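*Asks:* Quick one: the structure is below, questions incoming.
Every number here is computed from the coordinates shown, using simple stated rules; none is lab data. On a predicted model such as this, the values are computed, not experimentally measured, just so you know. Note: ideal-geometry Cβ built from the backbone for every residue, glycine included; neighbour counts use all protein chains shown.
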Amino acid sequence: MNKSITLRLPKDEYDAFSAVCAEKGYSKTGKIREFIRNMVKVELESVKLSAREWKKIGEAVNEIERGRHVSIEVLKRDLADKELAHKKGR
């Protein structure tokens, strides 16, 4: 199950981030995911977690590394399709 994060930035930071992403051809969402993954790799070992939590994190990292995730665009499309199917089924 995917989770969402809402991020609020000052306009100047957002504009600068958008400009860099546009210039380099980066997806803003993809770049934020990359930042999070890199931070987790660096910081995770210092976080106290249960064995069960470590196992779940390891499984999630393996899924990501195998490319088993979807883009936000695909997720939105799938959710819209499910909502439409649900409305038709009423």
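*Asks:* When the range 50-88 is examined, which residues are found to be closer than 18 Å to residue 2 by Cβ, assigned to a loop (DSSP other than H, G, I, E, B) and more than 13 Å from the chain's Cα centre (by Cα)?
*Replies:* If the condition is that a residue be closer than 18 Å to residue 2 by Cβ, assigned to a loop (DSSP other than H, G, I, E, B) and more than 13 Å from the chain's Cα centre (by Cα), then 66 is the only one that fits.
*Asks:* Considering only the range 1-49, how many residues are acidic (Asp, Glu) and either part of a loop (DSSP other than H, G, I, E, B) or in contact (Cβ under 8 Å) with a residue 12 or more places away in the chain (or both)?
*Replies:* Filtering the range 1-49 down to residues acidic (Asp, Glu) leaves 12-13, 15, 23, 34, 43, 45.
Applying the additional criterion that residues be either part of a loop (DSSP other than H, G, I, E, B) or in contact (Cβ under 8 Å) with a residue 12 or more places away in the chain (or both) yields none.
Of the residues in the range 1-49, 0 are acidic (Asp, Glu) and either part of a loop (DSSP other than H, G, I, E, B) or in contact (Cβ under 8 Å) with a residue 12 or more places away in the chain (or both).
*Asks:* Tally up the residues in the range 14-42 that are more than 12 Å from the chain's Cα centre (by Cα) and surrounded by 10 or more Cβ atoms within 10 Å (Cβ to Cβ), please. So that I can check it myself, show each step before the final result.
*Replies:* So in the range 14-42, the residues more than 12 Å from the chain's Cα centre (by Cα) come out as 14-26, 38-42.
With surrounded by 10 or more Cβ atoms within 10 Å (Cβ to Cβ) added as a condition, the list becomes 14-22, 26, 38-41.
Total satisfying the criteria: 14.
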